[in-house]
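Enquirer: One structure follows; several queries about it will come next.
The values are calculated or read from the model by the stated rules, or taken from the named source; none is laboratory data. Here the structure is a predicted model, which means the values were calculated and not measured. Please note: Cβ atoms are built from the backbone with ideal geometry, for glycine as well, and neighbour counts cover all protein chains shown. With ligands, DNA and RNA removed, areas are computed over all heavy atoms of the protein, side chains included. Shrake-Rupley method; radii C 1.70, N 1.55, O 1.52, S 1.80 Å.
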Amino acid sequence: MAPSISLFKSRDVAVIGAGAAGLVAARELRREGHKVVVFERERQVGGTWVYTPTVETDPLGADPSRHIVHSSLYASLRTNLPREVMGFLDYPFVSTGEPHRDPRRFPGHREVSLYLKDFVVGFGLNELIRFETEVVYAGLVEDEKWGVKSRSGNDAAIDVEEIFDAVVVCNGHYTEPRLAEIPGIDAWPGKHMHSHNYRTPEPFRDQVVVLIGSAASAVDISMDIAQVAKAVHIASRSVEAGILEKLSGNAVDNMWLHPMIESVQKDGTVIFYDGSVVLADVILHCTGYKYHFPFLDTSGIVTVDDNRVGPLYKHIFPPHLAPGLSFVGLLWKVLPFPMFEFQSKWIAGALSGRIGLPSQEEMMADVSAFYLSREASDTPKHYTHNLADSQFEYDDWLALECGIPGVEEWRKKMYQATAKNKKVRPDKYRDEWEDEDLTLEAQKDFARCRPNGGGDN
């Protein structure tokens, strides 16, 4: 028989961020018997899923003194995954049927934000969250405790200092833009910006836009802008030099695909690696983001090197600081919400002592072996946290450590079916699909869940 939870340790835990990762971390930590405080610098939950039309004063997001806008959402954004696979494991992301909600299978960003608010209400998490409270420092103090300094509201002169047993970092990674290096850009006369500050296509009306990138946001934004722009030229590393292809199968006919930019010139021209030239008005970087933890002081134990946060055991625990410091949500190219949940369950159990961790030496050896495997496969360092094809193996490993079931087979199949459909119907996959059998299986599974969490805190 498993020992009573009362035999395990209850910790005072600081959770930094009230986005999806921070919210499910708070729930799992409290379920495990820990005392939780969630620090959220904005006035509502949702993190990156909270849309704002406001953009930063620096369109590139490179000025460290700029006022930072947390969200990177654009107005037209719809999820690129079906809602069935997106939701937390025991809190399905189903249509509520309410008139002000978005019932679509691939809903707009507001529906995700409302789902997260529903999650907070369903599990009574509001009482744990300190809104408009920013963590400005988190560092190790005596007796393996963590000192956390925070500032509330508009009073930037007063720091509140508190001591916690552990810190769980859930501050997201869609705020600090990563920019492509372009020879000649300082003398180029046009406008260049990062997609972090893209909201609507109207400012690009009748302009020639060069967009760098080929990930989900790049595809969405290029089609968004193409509705009003004179032309959209997409520069992608996945295109070999010498290939110039007009994109087909879309609702617009003014999009062109190129290899990467070789250089830009003072006369406004953009030269691609295949020698083709475009006179452009705007260069838009859809080039991802950097991990950024300006508040975190680990005395150099945890570093960010070419977007590798490390050393981290299973992308979560720094071996020399475990389990007192952990990270939720660093991984990308994954199914995020369920993964956050598995990570949070593991962290909560490790903090209580219910789940054992390997020794520091064993964890460091595992990290080193992982890095060597990445190098052997020629994976760039900045792809360290791109889990891609191995995400479900990772989730199932975490589930095994926690003693719970892994990812449902229908969820895995639906994720894969959506990826295939996206390749076949890049502009229509959100509205046309052929996996109805999996949606029925998901709905049967959801029927076994208690509605809205059932108040199980």
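Enquirer: Which numbered condition in (1) surrounded by fewer than 17 Cβ atoms within 10 Å (Cβ to Cβ); (2) in contact with a strand residue (DSSP E or B) (Cβ under 9 Å, 6 or more places away or on another chain); (3) among the polar types (S, T, N, Q) is the only one that THR54 fails?
Expert: (2)
Here is a yes/no grid of residues against (1) open to solvent by 20 Å² or more (accessible area, probe 1.4 Å); (2) on the phi > 0 side of the Ramachandran plot; (3) modelled with pLDDT under 95:
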position: GLY33; (1), (2), (3): yes, yes, no
position: PHE39; (1), (2), (3): no, no, no
position: GLN44; (1), (2), (3): yes, no, no
position: LEU73; (1), (2), (3): no, no, no
position: MET86; (1), (2), (3): no, no, no
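Enquirer: Does any residue of region 180-202 turn out to be closer than 25 Å to THR303 by Cα, open to solvent by 60 Å² or more (accessible area, probe 1.4 Å) and of a type in the set (A, V, I, L, M, F, W, C)? Walk me through how you get there before you give the answer.
Expert: Narrowing region 180-202 to residues closer than 25 Å to THR303 by Cα: 180-181, 194, 196.
So of that shortlist, the ones also open to solvent by 60 Å² or more (accessible area, probe 1.4 Å) come out as 181.
Of the ones still in play, those that are also of a type in the set (A, V, I, L, M, F, W, C) are none.
Checked region 180-202: no residue is closer than 25 Å to THR303 by Cα, open to solvent by 60 Å² or more (accessible area, probe 1.4 Å) and of a type in the set (A, V, I, L, M, F, W, C).
Enquirer: Right, something else. If THR287 satisfies all but one of (1) open to solvent by 30 Å² or more (accessible area, probe 1.4 Å); (2) of a type outside the set (Lys, Arg); (3) farther than 30 Å from SER10 by Cα; (4) more than 23 Å from the chain's Cα centre (by Cα), what's the number of the condition it fails?
Expert: Condition not satisfied by THR287: (4).
Enquirer: Here's another thing I want to ask about it. Kindly indicate which of HIS194, HIS173 is closer than 20 Å to HIS70 by Cα and in contact with a Pro (Cβ under 8 Å, 6 or more places away or on another chain). Explain how you work it out, then say what you get.
Expert: Values: HIS173 fails: in contact with a Pro (Cβ under 8 Å, 6 or more places away or on another chain).
Unique residue meeting the criteria: HIS194.
Enquirer: Tell me the helices (runs of 4 or more DSSP H) entirely within region 344-445 that contain at least 1 residues that are under 19 Å from PHE327 (Cβ atoms).
Expert: Working: elements: 360-376, 391-402, 409-424.
Where helices (runs of 4 or more DSSP H) fall fully within region 344-445 and carry at least 1 residues being under 19 Å from PHE327 (Cβ atoms), they are 360-376, 391-402.
Enquirer: Filter region 213-253 for residues that are under 18 Å from THR287 (Cα atoms) and among the polar types (S, T, N, Q); which is modelled with the lowest pLDDT?
Expert: Here the answer is SER238.
Enquirer: Identify, by number, the condition in (1) outside any loop (DSSP other than H, G, I, E, B); (2) modelled with pLDDT of 95 or more that ARG105 doesn't meet.
Expert: If we test ARG105 against (1) outside any loop (DSSP other than H, G, I, E, B); (2) modelled with pLDDT of 95 or more, just (1) comes out false.
Here's the yes/no breakdown for (1) open to solvent by 60 Å² or more (accessible area, probe 1.4 Å); (2) modelled with pLDDT of 95 or more; (3) under 25 Å from LEU81 (Cα atoms):
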residue: PHE337; (1), (2), (3): no, yes, yes
residue: LEU351; (1), (2), (3): no, yes, no
residue: GLU362; (1), (2), (3): yes, yes, no
residue: TYR371; (1), (2), (3): no, yes, no
residue: ASP389; (1), (2), (3): yes, no, yes
residue: TRP410; (1), (2), (3): no, yes, yes
residue: TYR415; (1), (2), (3): no, yes, yes
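Enquirer: Please count how many residues of region 7-53 are over 20 Å from the mean Cα position of the chain (by Cα) and without any contact (Cβ under 8 Å) to a residue 60 or more places away in the chain.
Expert: Summing the residues that are over 20 Å from the mean Cα position of the chain (by Cα) and without any contact (Cβ under 8 Å) to a residue 60 or more places away in the chain in region 7-53 gives 2.
Enquirer: Of the residues in region 112-130, how many are at negative phi, out of contact with any strand residue (DSSP E or B) (no Cβ under 9 Å at 6 or more places or on another chain), open to solvent by 20 Å² or more (accessible area, probe 1.4 Å) and not basic (Lys, Arg)? Working first, answer last.
Expert: From region 112-130, those at negative phi are 112-123, 125-130; that's our starting set.
With the extra rule that they be out of contact with any strand residue (DSSP E or B) (no Cβ under 9 Å at 6 or more places or on another chain), the set shrinks to 112-114, 116-117, 121, 126-127.
Then drop every residue that is not open to solvent by 20 Å² or more (accessible area, probe 1.4 Å), which leaves 114, 117, 121, 126-127.
Next, from what is left, pick out any that are not basic (Lys, Arg): 114, 121, 126-127.
Qualifying residue count, region 112-130: 4.
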